[in-house]
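The structure appears below as structure tokens.
The values are calculated or read from the model by the stated rules, or taken from the named source; none is laboratory data. Since we're looking at a predicted model, the values are computed, not measured. Virtual Cβ from ideal backbone geometry, glycine too; neighbours counted across all protein chains shown. Quick note on the areas: whole protein, heavy atoms, side chains included, nothing else; ligands and nucleic acids left out. Shrake-Rupley method; radii C 1.70, N 1.55, O 1.52, S 1.80 Å.
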Amino acid sequence: MSNQNTSPSNTLDAGSFAERMATLESIVKKMESGELPLEEALTAYAQGTQLLQACQQSLQQAEQSVMLLN
């Protein structure tokens with residue numbers, strides 16, 4: 001991965017839902033290219049998994065907020 005300074009926890013702490021989704025999409029594209037070395041692919045997979053969980057939590061919170069408004 002070209003951005004090795006960004007740890008998964010830093011990625012999750014910073015940014016909006018849209019930014020996390022954009023990062024997740026970038027990770028998926030890199031992994032689908034098949035050009036990442038194994039170690040970087042494993043790191044990207046772990047980061048992607050954490051981003052996915054954070055996005056799912058954001059969506060659940062938004063859904064709960066909408067339900068309260070109804």
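Would you say Leu52 is hydrophobic (A, V, I, L, M, F, W, C) and either in contact with a Gly (Cβ under 9 Å, 6 or more places away or on another chain) or over 20 Å from Gly15 (Cα atoms) (or both)? Criteria not met by Leu52.
Give me the residue from the stretch 22-46 that is in contact (Cβ under 8 Å) with a residue 12 or more places away in the chain and either of a type in the set (Val, Ile, Thr) or open to solvent by 60 Å² or more (accessible area, probe 1.4 Å) (or both) and, out of that set, nearest to Gln57 (Cα to Cα). Among residues in the stretch 22-46 that are in contact (Cβ under 8 Å) with a residue 12 or more places away in the chain and either of a type in the set (Val, Ile, Thr) or open to solvent by 60 Å² or more (accessible area, probe 1.4 Å) (or both), the one nearest to Gln57 (Cα to Cα) is Thr23.
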